[in-house]
Amino acid sequence: MAVIRFDHVTKTYGDTVVLENINLTIDDNEFLAVVGPSGAGKTTFLRMLLSQEAPTSGQILIDDVPIADEPMPDRGIVFQRYSVFPHRTVLRNVMMGPEWLAAPVTGRLFGAKRTELRDRAQAMLDRVGLGGHAQLYPAQLSGGQQQRLAIAQALMTHPKVLLLDEPFGALDPGTRKEMHKLVLELWSEHQMTIVMVTHDLSEAFHLGTRVIAVDKHRHDPHAPHRYGSVITSDFEAKPRLARALQRAERAAG
Amino acid sequence: MGRAINRLPSRRSKILLGAMPFILVIAAYAIASDARHAVDAGDKLMPGLDAFRAAMSRLIFDIDRMTGQRLFWADTWASLGRLGIGLGISAVVGLVVGIFVGFIPYLRATFEPFFAALSLVPPLAVLPILFIIFGLGELSKAVLIVFGIAPFIIRDVMLRVAEIPREQIVKAQTLGASTWQMILGVVLPQVLPRLVSSVRLSLGAAWLFVIAAEAITAEAGLGYRIFLVRRYLAMDVILPYVVWITFLAFAMDYALRLIYDAIPWTRFREGG
Ligand SMILES: Nc1ncnc2c1ncn2[C@@H]1O[C@H](COP(=O)(O)OP(=O)(O)OP(=O)(O)O)[C@@H](O)[C@H]1O
Ligand SMILES: [Mg+2]
């Protein structure tokens, strides 16, 4: 279960209002796509959900509990770049989360537990199509492979919410298509809530069960920083219908 | 291929070209030395190659009656020991302090201005203070090197810590890492290669401080010997010692480069 609620959330940097009074409830297992023009505050929205930034006012709750004020394993993240560790092999990258959670002092597992984790990591790599690249370093991977790795790494700790900030923005169209398929599969396998920021409207409607647009609703030409962005549109996208139908069928049959 | 920047030497001519300045300098010296000896057979300023061989074989092979040691090796070990201890302590201090102060905002706010100021104090100016406090022995020499080099290494390590993309640090936290685990698993491994380069860049300064300290007070050491025999204008000892020090510095620089290249993740850079 992961119902996310934005409760009167406002974010300002100094005089600049970035996001203004956001109220939003994201259902469990929703795939929310956030679109909007550059500088509208999409990344800021995601950063607050990640606790990388604190709201200036208001609060964010997951299952009616305010989120911790620093990043935590309940919310995984994949950035456009730099989300994997360049000094670890692909396999070790995927093992890092569980190792950190299990070994507070050394950050390393040994013996049978290590073997067990390595098998689990290898299975995850196989799942995202990196099974044959386990011993390489991230810099030896292509852009798409690095993003697969970043997703695999994030999923190893079973986050309730997965956050994606333009994760496919730097990929070519073919690779992007493959990644869409993978993300949709993983989303249904892992039963999580996904929030994805994207520039690409077709991507948003293809993947999202719900699409929101953030943009400034008022503009003062003499003081452009006066007003922040709000949610200007909110669509329930086709995939949600498809999923609802699927569920109804499953419940019936 | 008219432009100079597009005319590339081949492998063989690179080696030949690289050797040429060395050969020219040696030849020029030999000629000048011969010319001086033709005028004055007792010239001490530019001894001939025979004089070098005689002086150096005495220092390398003969046991000195006063100390019971072969002086050349005693000097070498004394200087290398000082250099090693000074550089070693500086590297460890630089790494530990640089990581903690660079990574933890409260420590950074507290100590960054202090280290910035500290690194501007000229180490040789405080040498007398070190001699007064720590005596004329080995301790003050080690402190001098650490004082001269550690602030630079600390700042360089801190800069490298700041270069680690914020995304990695946030990602690590979403994977459950504590501050300590991030230091151990994310920061330290990425800072290590920079520490090696930083120590490499400090070699010249470290030699300077060793020789300066030895020149003032010591019982042995390459710098001590040079300044001792200066009184007798013993160029036949000074020049080979300078060449030897240069060679040692070169060998250490090369060794550090090998260490750097041996770190696997330095071979695969981000975006490669
Ligand atoms: N740390 C900060 N300090 C001051 N202003 C900031 C900060 N971070 C973001 N902003 C401002 O907030 C606004 C929104 O930035 P944000 O990065 O959220 O936009 P975005 O919608 O993600 O844009 P893009 O599509 O280009 O990624 C911008 O005007 C930016 O200048
Ligand atoms: Mg953005």
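The values are calculated or read from the model by the stated rules, or taken from the named source; none is laboratory data. No experiment lies behind these values; they were computed from the predicted model shown. No Cβ is skipped: glycine too gets one built from the backbone with ideal geometry, and neighbour counts run over all protein chains shown. Keep in mind that these areas ignore ligands, DNA and RNA; they rest on the heavy atoms of the full protein, side chains included. Shrake-Rupley method; radii C 1.70, N 1.55, O 1.52, S 1.80 Å.
Just the residues that are at positive phi and crowded, with 18+ Cβ neighbours inside 10 Å, please, taken from region B:219-255.
Pass one, region B:219-255, residues at positive phi: B:221, B:233.
B:221, the sole residue that qualifies.
Six or more apart or on different chains, Cβ under 7 Å: which pairs go from a residue in region A:159-184 that's over 30 Å from residue A:101 (Cα atoms) to one that's within 16 Å of ligand 1 (Cβ to nearest atom) and aromatic (Phe, Trp, Tyr)? Could you list them?
Within 7 Å, the pairs are A:176/A:168.
Hey, among the residues in region A:46-97 that are touching a Gly at 6+ places or on another chain (Cβ under 9 Å) and within 15 Å of ligand 1 (Cβ to nearest atom), which one's farthest from residue A:161 (Cα to Cα)?
A:81
Here are B:254, B:241: which of them is of a type in the set (Ser, Thr, Tyr), more than 23 Å from residue B:91 (Cβ to Cβ) and assigned to a helix (DSSP H, G or I)?
None of the others qualify; the one that does is B:241.
For residues in region A:41-58 being of a type in the set (S, T, N, Q) and within 16 Å of ligand 2 (Cβ to nearest atom), which is nearest to the other protein chains (Cβ to nearest Cβ)? Quick ask: steps written out before the conclusion?
Of the residues in region A:41-58, the ones of a type in the set (S, T, N, Q) are A:43-44, A:51-52, A:56-57.
Applying the additional criterion that residues be within 16 Å of ligand 2 (Cβ to nearest atom) yields A:43-44, A:52.
Details: A:43: 11, A:44: 14, A:52: 5 Å.
Looking at residues that are of a type in the set (S, T, N, Q) and within 16 Å of ligand 2 (Cβ to nearest atom), I get A:52.
Looking only at helices (runs of 4 or more DSSP H) that fall completely inside region A:41-137, which ones have 2 or more residues that are closer than 26 Å to residue A:12 by Cα and under 16 Å from the mean Cα position of the chain (by Cα)?
Correct list: A:42-50.
Only residues that are more than 9 Å from chain B (Cβ to nearest Cβ) and open to solvent by less than 10 Å² (accessible area, probe 1.4 Å): list them for region A:92-102, please.
A:93, A:94, A:95
Tally up the residues in region A:4-40 that are touching a residue at least 60 places away in the same chain (Cβ under 8 Å), open to solvent by 10 Å² or more (accessible area, probe 1.4 Å), out of contact with any His (no Cβ under 8 Å at 6 or more places or on another chain) and within 16 Å of ligand 2 (Cβ to nearest atom), please.
The qualifying residues number 4.
Among the listed residues A:29, A:23, which satisfies the condition of being more than 10 Å from ligand 1 (Cβ to nearest atom) and closer than 13 Å to residue A:212 by Cβ?
A:23
Within region A:62-80, work out how many residues are more than 7 Å from every other protein chain (Cβ to nearest Cβ), out of contact with any Leu (no Cβ under 8 Å at 6 or more places or on another chain) and touching a residue at least 40 places away in the same chain (Cβ under 8 Å).
5
Restricting to region A:204-216, what's the tally of residues that are open to solvent by 10 Å² or more (accessible area, probe 1.4 Å) and either in contact (Cβ under 8 Å) with a residue 60 or more places away in the chain or at positive phi (or both)?
The qualifying residues number 5.
How about region A:135-176: which of its residues are more than 10 Å from chain B (Cβ to nearest Cβ), of a type in the set (A, V, I, L, M, F, W, C) and under 14 Å from residue A:92 (Cβ atoms)?
Those that are more than 10 Å from chain B (Cβ to nearest Cβ), of a type in the set (A, V, I, L, M, F, W, C) and under 14 Å from residue A:92 (Cβ atoms): A:149, A:152.
Among the residues of region A:164-187, is there at least one that is in a strand (DSSP E or B), within 16 Å of ligand 1 (Cβ to nearest atom) and open to solvent by less than 40 Å² (accessible area, probe 1.4 Å)?
So far as region A:164-187 goes, yes, one or more of its residues are in a strand (DSSP E or B), within 16 Å of ligand 1 (Cβ to nearest atom) and open to solvent by less than 40 Å² (accessible area, probe 1.4 Å).
Find all pairs meeting these conditions: Cβ atoms under 8 angstrom apart; at least six residues apart or on different chains; first residue within region B:36-51 and of a type in the set (Gly, Ala, Ser); second residue open to solvent by 50 Å² or more (accessible area, probe 1.4 Å).
Listed by first residue and then by second, the contacts come to B:48/B:34; B:48/B:37.
Just to be sure, is residue A:64 open to solvent by 10 Å² or more (accessible area, probe 1.4 Å), within 20 Å of residue A:158 (Cβ to Cβ) and either within 13 Å of ligand 2 (Cβ to nearest atom) or of a type outside the set (A, V, I, L, M) (or both)?
no
Among the residues of region B:137-145, is any within 24 Å of residue B:214 (Cβ to Cβ) and open to solvent by 50 Å² or more (accessible area, probe 1.4 Å)?
yes
Checking the conditions here, which among B:242, B:210, B:191 is in contact (Cβ under 8 Å) with a residue 60 or more places away in the chain and away from chain A (no Cβ under 14 Å)?
After applying the criteria, what remains is B:210.
Please note which helices (runs of 4 or more DSSP H) are completely contained in region B:107-188 and include at least 1 residues that are in contact (Cβ under 8 Å) with a residue 40 or more places away in the chain and closer than 30 Å to residue A:163 by Cα.
Here the list reads B:138-163, B:179-182.
Would you please name the residue that is farthest from residue B:124 (Cα to Cα), looking only at residues in region B:183-207 that are under 13 Å from the mean Cα position of the chain (by Cα) and surrounded by fewer than 18 Cβ atoms within 10 Å (Cβ to Cβ)?
Among residues in region B:183-207 that are under 13 Å from the mean Cα position of the chain (by Cα) and surrounded by fewer than 18 Cβ atoms within 10 Å (Cβ to Cβ), the one farthest from residue B:124 (Cα to Cα) is B:197.
Out of (1) touching a residue at least 12 places away in the same chain (Cβ under 8 Å); (2) open to solvent by 70 Å² or more (accessible area, probe 1.4 Å), the odd one out for residue B:258 is which?
All conditions are met except number (1).
Just to be sure I understand, how many residues within region A:41-58 are surrounded by fewer than 16 Cβ atoms within 10 Å (Cβ to Cβ) and closer than 14 Å to residue A:75 by Cβ?
The initial filter retains those residues of region A:41-58 that are surrounded by fewer than 16 Cβ atoms within 10 Å (Cβ to Cβ), namely A:54, A:56-57.
Then drop every residue that is not closer than 14 Å to residue A:75 by Cβ, which leaves none.
Here the count works out to 0.
A quick yes/no check of all residues on (1) of a type outside the set (D, E, K, R); (2) in the same structural domain as residue A:10 (by TED's automatic domain parsing); (3) free of Cβ contacts under 8 Å to residues at least 40 places away in the same chain:
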{"site": "A:94", "(1), (2), (3)": "yes, no, no"}
{"site": "A:105", "(1), (2), (3)": "yes, no, yes"}
{"site": "A:109", "(1), (2), (3)": "yes, no, yes"}
{"site": "A:117", "(1), (2), (3)": "yes, no, yes"}
{"site": "A:120", "(1), (2), (3)": "no, no, yes"}
{"site": "A:126", "(1), (2), (3)": "no, no, yes"}
